[in-house]
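The values are calculated or read from the model by the stated rules, or taken from the named source; none is laboratory data. Computed from a predicted structure; not experimentally measured. Heads up, the Cβs are rebuilt from the backbone with ideal geometry, glycines too, and the neighbour counts pull from every protein chain shown.
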Amino acid sequence: MPERTLSKDSTYYTYTLVRKLSVPVAISVVYALLLGGLCAAFVFRFGSHGAYAAAAALLGIPLLHLLIARLYKRLSGALPEAWRFRLGSPWAGYLPAGYSPFRRCLRMLHQTAFLGAAIAGLLYVWFPPVYAACGLLVHTWLVLPHYAAALAFLRLKPGGLIRYGKREVSYYMP
């Protein structure tokens, strides 16, 4: 086997973990069951309209978040970095696949939260109110854990990187 050598132009990336927030499995499951219970309450309360609203919100709101985030990335001229869609609780949505600047993620979260709530609120004008209410609940369910993590990281040194794991989120300094 040939010996590997590093080029003199190689770049080393060393990141120092500043803070890590872990979510226990029980809390993650309870948080996922909360969404299921809210959707079930809509189905029991509003019948078929509630079922259609829950299905539309569970499919439409994450797609809306994906569209908003992709548009934000394209229009802001951000560097192309790997992002992917995750379905796991509590970190669901369109998230960075690796290390990403915390401020960029926070700006994208603000854009997604505001525009998602505005568009879900506009459903009230064209659809029955149950669609708008269910859309706003799913939207809040998706955005709330990200804001909770952001609050924990805001007081740390600026210029850090954020990395989402399966049930944890970490803040690193380069």
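Values for this structure:
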{"read-out": "Residue in region 57-77 that is surrounded by 11 or more Cβ atoms within 10 Å (Cβ to Cβ), at pLDDT below 90 and in a loop (DSSP other than H, G, I, E, B) present", "value": "no"}
{"read-out": "Test: Val169 is of a type in the set (Val, Ile, Thr), surrounded by 16 or more Cβ atoms within 10 Å (Cβ to Cβ) and over 14 Å from the mean Cα position of the chain (by Cα)", "value": "no"}
{"read-out": "Evaluation of Gly135 against (1) outside any strand (DSSP E or B); (2) touching a Phe, Trp or Tyr at 6+ places or on another chain (Cβ under 8 Å); (3) not aromatic (Phe, Trp, Tyr) (one fails), failing number", "value": "(2)"}
{"read-out": "Any hit, region 24-35, residues being part of a loop (DSSP other than H, G, I, E, B), at pLDDT 90 or above and not hydroxyl-bearing (Ser, Thr, Tyr)", "value": "yes"}
{"read-out": "Failed item in (1) hydroxyl-bearing (Ser, Thr, Tyr); (2) modelled with pLDDT under 85; (3) farther than 27 Å from Cys39 by Cα; (4) surrounded by 16 or more Cβ atoms within 10 Å (Cβ to Cβ), with Ser89 passing the rest", "value": "(3)"}
{"read-out": "Residue list for region 105-131, filter: over 13 Å from the mean Cα position of the chain (by Cα), surrounded by fewer than 20 Cβ atoms within 10 Å (Cβ to Cβ) and assigned to a helix (DSSP H, G or I)", "value": "Phe114, Leu115, Ala117, Ala118, Ile119, Gly121, Leu122, Tyr124, Val125, Trp126, Pro129"}
